[in-house]
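These notes concern the structure reproduced below.
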Amino acid sequence: MRVYALSGGIATGKSTALALFRVYPNIVTFDADACVYSLYQNVQFQKKLAAFDAKSCWKGNVQKAYIRERIFRDASYKRDLERLIHPLVRKECLAKLEESRKIAAVSLFIADIPLLFENGFDIDQEANLVVATSAKTQRQRFIDRNNFSETVVSAILEAQLPIAHKVGCADVVFWNEGDTCLLEHQIKRFIEWKT
């Protein structure tokens with residue numbers, strides 16, 4: 001089984017790419033964002049989050065807007081929160097990877113890790129894949145997708161490595177500037193090349 005890490009910037013099309021990979025029965029995927037969402041629903045994790053910052057979880061509800069605002073205002077808060085969340089996400093990813101190794105029909109394992117390069121997330125992957133767009137397209141897609149102010153959009157984009165940097169770190173780049181069918185074609189060619 002071949003193992004890859006998938007990344008990119010926010011609004012570059014990582015989720016779309018992951019959905020396109022999931023179509024193939026021989027591919028198992030891991031979605032770090034979905035894992036974090038599941039953690040936020042977990043009562044035990046909510047208790048840890050509330051112990052970390054009482055305002056971040058109120059009556060069993062994770063206060064995502066509050067957390068997002070704190071992350072982009074306070075680098076030490078972000079770092080400490082990542083120390084709480086990232087080991088749990090990595091543990092889940094490695095568990096799914098090990099489960100996948102036991103299934104003979106699985107030939108590819110792809111982990112979608114948005115902060116792959118920022119945090120050195122290593123699962124002993126063969127290569128790093130990046131879904132990329134121009135910075136202009138990324139910003140416009142992000143604005144169109146969310147109802148955040150320009151200030152919040154800029155803060156979020158500035159908190160991540162620039163997409164050009166991620167492209168430079170990638171072994172394979174899927175350029176997602178056009179229609180979804182173009183991304184789908186690139187992914188199909190990649191799968192044919194690797195299986």
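The values are calculated or read from the model by the stated rules, or taken from the named source; none is laboratory data. Please read all numbers here as calculations on a predicted model, not as lab measurements. Cβ placement follows ideal geometry from the backbone for every residue including glycine, while neighbour counts extend to all protein chains displayed. What goes into the accessible areas is simple: the full protein's heavy atoms, side chains included, and nothing from ligands, DNA or RNA. Shrake-Rupley method; radii C 1.70, N 1.55, O 1.52, S 1.80 Å.
At-a-glance table
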item	result
Rounded to whole Å, sorted largest first: equivalent-ellipsoid semi-axes of the chain, Cα gyration tensor	28, 22, 14
Solvent-accessible area per residue, Å², over the stretch 67-195 with all protein chains present [probe radius 1.4 Å]	57
Rounded tilt (10° steps) of 135-145 against the dominant C-alpha axis of the chain	60
Within the chain, helix-based [θ] at 222 nm, where runs of 4 or more DSSP H residues each add -39,500 (n - 2.57), nearest 500	-17500 deg cm²/dmol
Total charge dipole magnitude, the chain, about the Cα centre, Cβ charges on Lys, Arg, Asp, Glu only, Debye to nearest 20	480
Centroid-to-centroid separation of the stretch 159-177 and the stretch 44-71 [C-alpha atoms, Å]	31
Calculated FRET efficiency for the pair Asp122/Leu182, C-beta based, R₀ 30 Å, to 0.05	0.50
Förster-model FRET efficiency, 25 Å R0, Arg189 and Leu94, C-beta, rounded to 0.05	0.30
Positive dipole terminus of the stretch 89-176, leading residue within Val153, Val172, Leu115 (C-beta point charges)	Val153
Label-point gap, in nm, between Ala105 and Asn42 - each point 7 angstrom along Cα→Cβ	2.8
Unit Cα scatterers, Debye sum, the stretch 107-162: log10 I(q)/I(0) for q = 0.17, 0.23, 0.26 Å⁻¹	-0.68, -0.99, -1.11
The stretch 1-57 - accessible surface per residue (Å², probe 1.4 Å)	45
Rounded percent of accessible protein surface that carbon and sulfur make up, the chain, 1.4 Å probe	53
Relative contact order of the stretch 1-66, defined on C-alpha pairs under 8 angstrom at six or more residues apart (%)	14
Rg [Å, one decimal], Dmax [Å, integer] - the stretch 66-151, C-alpha atoms	16.6, 48
